[in-house]
Amino acid sequence: MKAVSPGKGKKTKTDSTEEIWNLRLYVAGQTPKSITAFANLKKICDEHLAGKYRIEVIDLLKNPLLAKGDQIIAIPTLVRKLPEPIKKIIGDLANTERVLVGLDIRPVS
Amino acid sequence: MVKKKHDVDVLEKCPTGIKGLDEITKGGLPKGRPTLICGSAGCGKTLFSMEFLMRGAMDYGEPGVFMTFEEAPEDLAKNFISLGFDLNDMTSRSLIATDHVYIERSEIEETGQYDLEGLFIRLGNAIDSIGAKRVVLDTIEALFSGLSNAAIIRAELRRLFHWLKDRGVTAIVTGESGEKTLTRYGLEEYVADCVILLDFRIEEQISTRRLRIVKYRGSSHGGDEYPFLIDESGLSILPITSLGLDYPVSTEHISTGVPKLDAMFDGKGFFRGSTILVSGTAGTGKTSMSATFADAACRRGERCLYFAFEESPSQIIRNMGSIGMDLARWVKKGLLRFHSARPSLYGLEMHLVTFHKVIDEFNPQVFIVDPISNLSAAGTASEVKSILTRLIDHLKMKKITTFLTDLTHFGGSLEHTSEEISSLIDTWLLLRDIELNGERNRGLYILKSRGMAHSNQIQEFLLTNSGIDLIDIYTGSGDVLTGSARTAQEAKEKASELTGRSEAERRLRAQKSKRKALETKIAALRAEFDAESEEMHLMTEEERKRKAVLAEDRLEMARLRRKEPSAPQAKRSKKKRERRVR
């Protein structure tokens with residue numbers, strides 16, 4: 001599950017908007033919470049950020065050193081690297097409303 | 001408390017290296033288990049934890065991880081460099097790893113379930129990177145303020161402590177004091193093995209830090225509140241309990257520095273390792289006595305520690321120069337160390353910790369406090385007594401001769417110390433003023449001296465420019481005189497003694513001549529008597545001869561007359577006749 005970029009890279013490149021959402025999801029192995037989080041995230045992104053996002057999944061079990069850089073303590077943690085400022089959302093992202101607020105995404109009309 | 005036999009095989013201890021703590025805990029913190037250090041802000045939790053790691057890394061070869069939730073490692077490094085701990089150096093030598101866990105609530109949104117595996121991974125990674133045996137989490141409570149789901153945090157904490165145990169690291173977890181609980185978030189629920197409470201109290205504007213072991217599962221430990229000190233060499237904790245009365249004693253004597261005073265103590269001076277108190281009112285020479293004793297110790301090549309609560313070292317040295325004592329040379333030689341501080345500088349406990357610390361550093365044979373009465377400025381009488389009891393026990397244990405002075409106040413009883421420590425004292429000297437004839441003189445006497453014969457005399461105590469001298473006080477004719485009165489009295493006595501002696505001689509001479517005269521007289525009388533008796537003898541002899549002649553005549557006459565034998569009658573009549581004839 002390392003650095004899975006769910007194939008949306010092409011889309012971002014084709015998109016004309018400069019704003020690319022660079023999201024990083026920290027997990028620790030394939031736990032149910034991680035899987036749920038990833039599924040939830042993908043759903044939200046597809047709905048609200050279609051074509052302009054990139055998700056990087058980082059498995060801390062494989063890259064433990066990366067935890068320090070983004071100040072990760074909880075798993076799963078979603079970090080919005082871009083656009084700045086950095087935002088963090090922890091949890092399995094079950095509550096879409098909160099994820100949107102946390103990521104500062106204005107719901108598409 | 002677990003059964004004793006388990007102590008041996010189960011409860012291994014991890015020495016902290018913090019001065020005094022390992023004695024209280026009988027070996028250190030429980031090895032391989034977490035310990036909770038709690039206390040209010042500024043009580044020294046972080047320092048305690050950091051010193052635990054530093055000492056572990058430096059002295060016990062156990063690298064450590066410092067996970068800080070509050071201060072950044074750069075700030076920590078800055079803070080601890082003043083205590084002699086170079087965090088950056090330790091980090092670069094892979095002896096200590098730091099990780100700053102920064103949780104900013106405003107940056108974090110929570111949605112749904114999560115766990116703290118990230119924290120575990122970071123910690124595990126840090127431990128593995130240097131092979132750490134010790135871990136500090138300072139303070140993990142930040143999780144509670146950074147995250148909102150307390151239920152998750154609690155579950156994860158429980159898991160964390162199990163995990164720490166599984167990893168076999170000796171961990172310290174710090175926590176802020178709560179209102180009713182030991183820690184604000186009840187960390188004590190999770191850390192059940194050892195809980196240490198640090199306290200920072202202010203009494204009468206003087207602050208004292210104290211440490212208490214709230215619990216220590218599976219081990220006996222001291223249960224008192226122990227004062228501790230934070231200074232340039234880290235933490236020092238002082239075992240508050242008295243060491244008991246089983247200290248070794250010495251029969252060796254050491255000189256007081258004043259030969260005549262030695263003479264008062266059986267000619268030998270004080271016992272080594274005994275406790276000596278000199279009490280007296282102001283200006284009776286207590287400091288001079290102390291300095292003399294210090295000087296004598298240094299002359300013997302011993303180290304002497306001098307705690308001055310009233311004067312600065314240079315002032316003492318200058319003043320003692322005036323009575324012919326050069327203390328500066330001992331200071332230069334490193335035999336004498338002064339430690340001057342105002343008693344009110346800090347709390348009593350702090351004084352005691354300082355005493356201990358300096359004593360342990362300098363390792364003196366002679367320890368002087370001048371004066372102990374000033375300590376009462378820093379605490380109540382009972383506190384001072386308890387401090388001194390502990391101090392004296394400690395010193396006795398180390399066979400250090402202790403010399404204390406006590407300022408007695410005018411009007412108070414001389415045989416009473418303001419600290420009520422007389423029972424702790426082995427030898428008690430009293431210096432007192434003797435006011436007489438418009439003069440004030442110093443007197444010295446021994447109030448008590450355990451275990452040796454000692455003089456019961458009051459001696460006059462003189463400060464000369466060659467040191468202290470003692471003079472026998474004038475005690476003749478029912479008077480006790482000192483100073484010039486004594487000198488005058490002695491002169492007077494000498495004079496009267498002289499006149500008395502010549503008078504006696506004169507009388508003796510007169511008596512002799514009288515005797516001679518009498519003897520002559522006796523001789524003359526005897527001669528006269530002899531002469532008389534000689535004459536008497538001659539006369540009786542003549543008489544006898546005359547009678548013999550008469551008797552012969554009578555016989556002759558009778559023969560001539562041929563008379564009949566009725567001689568007696570005839571004799572009588574004849575006698576009568578003879579008388580008539582005469």
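Points worth noting:
- Verdict on B:E70 being touching a residue at least 60 places away in the same chain (Cβ under 8 Å), in a helix (DSSP H, G or I) and among the charged types (D, E, K, R): no
- Pick from the range A:42-84, criterion aliphatic (A, V, I, L, M) and free of Cβ contacts under 8 Å to residues at least 40 places away in the same chain, ranking: farthest from B:V101 (Cα to Cα): A:A50
- Elements of type strands (runs of 3 or more DSSP E) in the range A:52-102, at least 3 residues being out of contact with any helix residue (DSSP H, G or I) (no Cβ under 8 Å at 6 or more places or on another chain): A:77-82
- Residues in the range A:15-41 that are surrounded by fewer than 17 Cβ atoms within 10 Å (Cβ to Cβ) and in a helix (DSSP H, G or I) were compared, and the one that is nearest to the chain's Cα centre (by Cα) is A:A39.
- One residue from A:I105, A:I44, A:I89, A:I58 being hydrophobic (A, V, I, L, M, F, W, C), buried (at least 16 other Cβ atoms within 10 Å of the Cβ) and facing chain B (nearest Cβ under 9 Å): A:I89
- So A:A94, is it free of Cβ contacts under 8 Å to residues at least 60 places away in the same chain and either crowded, with 18+ Cβ neighbours inside 10 Å or at the interface with chain B (Cβ under 9 Å from one of its Cβ atoms) (or both): yes
- Qualifying positions in the range B:102-127 - of a type outside the set (D, E, K, R), without any contact (Cβ under 8 Å) to a residue 40 or more places away in the chain and at the interface with chain A (Cβ under 7 Å from one of its Cβ atoms): B:Y102, B:I108, B:T111, B:G112, B:Q113, B:Y114, B:G118, B:I121, B:N125
- From the list B:L119, B:L123, B:L76, the lone residue that is more than 21 Å from B:L157 (Cβ to Cβ) and not basic (K, R) is B:L76.
- Checking B:R134, B:R201 one by one, the residue that is among the basic types (K, R) and modelled with pLDDT of 90 or more is B:R134 and no other.
- Number of the condition not met by B:S455 [criteria: (1) exposed (fewer than 13 other Cβ atoms within 10 Å of the Cβ); (2) among the hydroxyl-bearing types (S, T, Y); (3) part of a loop (DSSP other than H, G, I, E, B)]: (1)
- Some residue of the range B:335-347 being surrounded by fewer than 18 Cβ atoms within 10 Å (Cβ to Cβ), among the polar types (S, T, N, Q), outside the structural domain of B:F228 (by TED's automatic domain parsing) and not in a loop (DSSP other than H, G, I, E, B): yes
- Inside the range B:182-196, residues that are in contact (Cβ under 8 Å) with a residue 40 or more places away in the chain, surrounded by fewer than 22 Cβ atoms within 10 Å (Cβ to Cβ) and among the hydrophobic types (A, V, I, L, M, F, W, C) make up a count of 1.
The values are calculated or read from the model by the stated rules, or taken from the named source; none is laboratory data. It should be emphasised that the depicted structure is a prediction, and the values quoted were computed from it without experimental measurement. As a convention, Cβ positions derive from the backbone with ideal geometry for all residues, glycine included, and neighbour counts pool all protein chains shown.
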